Amino acid sequence: MASRLLFLLFLGNMFCDAFAAHHLIICEQSTVHLMCGAGMTIYVDSSEYGRHDTVTCSFGRPPYQLQDTSCSSYSDVVAENCNGKNSCIITASNDIFGNPCVGTYKYLIVIYDCY
């Protein structure tokens with residue numbers, strides 16, 4: 001039984017490496033192209049728009065736009081637009097994801113897999 005369990009754990013690690021999730025951070029008003037390899041499709045695990053720290057997407061921003069670090073909202077927008085496609089284009093903007101923290105410069109976090 002122990003050798004069978006070890007074998008399954010080894011295969012499990014191989015599976016995780018082969019299908020590692022893509023983790024993207026897209027600064028507000030920026031656009032990104034999500035893409036999978038030939039014959040594969042996108043599956044969005046999660047997407048969240050807002051701010052969690054004062055460092056991410058902070059270059060050139062005044063401190064007052066980075067202070068609110070406890071504002072974000074989860075969204076199905078990326079999944080609705082990208083799931084099942086080989087590639088798609090997403091822009092991180094208040095027009096698309098709403099404005100969970102007015103006056104704060106935000107970013108979009110997208111985690112997706114290719115199957």
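No lab work stands behind these numbers, since they all come straight from the coordinates. Please read all numbers here as calculations on a predicted model, not as lab measurements. Ideal geometry is used to build each Cβ from the backbone, glycine not excepted, and the neighbour counts take in all protein chains shown.
Details
- Pair Asp53, Asn86: separation of 7 Å Cα→Cβ label points (nm): 3.6 nm
- Karplus-based coupling profile of region 44-58, in residue order and whole Hz: 7, 7, 6, 8, 9, 10, x, 8, 10, 8, 9, 9, 4, 6, 9, with θ = phi - 60° in 6.51 cos²θ - 1.76 cosθ + 1.60 and x standing for Gly or Pro.
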